[in-house]
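Engineer: My questions all concern the structure below.
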Amino acid sequence: MQHTYQTTGTCSKIITFDKDENGIITDVKFYGGCPGNLAAISKLVEGMSAEKIHKILSGNLCGQKPTSCADQLSKAVMED
């Protein structure tokens with residue numbers, strides 16, 4: 001099922017991804033932000049469970065911001 005997540009506090013404004021009935025995440029796309037870094041994150045999390053993505057990326061900050069694109073992805077994948 002396709003999901004769309006509106007980010008807050010990051011250069012990337014929207015994240016889309018597919019999440020299957022087992023919580024496996026595929027086809028992650030960030031809109032806005034640093035294209036190279038975000039393409040790399042998308043490749044690295046391809047096929048991972050939402051729980052594993054959340055565990056790895058939650059709390060990852062960008063400079064002095066209270067969040068990051070990776071942190072926002074960790075939140076997005078845990079939503080229903």
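Engineer: If the cut-off is 17 Å between C-alpha atoms, which lysines fall inside it for K65, apart from same-chain ones fewer than 8 positions away?
Structural biologist: Excluding near neighbours in sequence, the set is K13, K75.
Engineer: Per the 1.4 Å probe, what fraction of the accessible area of the chain, in percent, lies on carbon and sulfur atoms?
Structural biologist: 57 percent
Engineer: Sticking with this structure for a sec: Throw me the Rg/Rh for the chain, computed over C-alpha atoms with Kirkwood Rh, two decimals.
Structural biologist: 0.92
Engineer: Springs between alpha-carbon atoms under 10 Å, Gaussian network over the chain: tell me which of A50, A70, A39 tops the mean-square fluctuations.
Structural biologist: A39
Engineer: What's the extension gain from L44 to K65 if we count 0.36 nm per residue and subtract their Cα-Cα distance?
Structural biologist: Difference between extended and current length: 5.3 nm.
The values are calculated or read from the model by the stated rules, or taken from the named source; none is laboratory data. These numbers come from a predicted model, not from an experiment. The accessibility values were calculated without ligands, DNA or RNA, using every heavy atom of the protein model including side chains. Shrake-Rupley method; radii C 1.70, N 1.55, O 1.52, S 1.80 Å.
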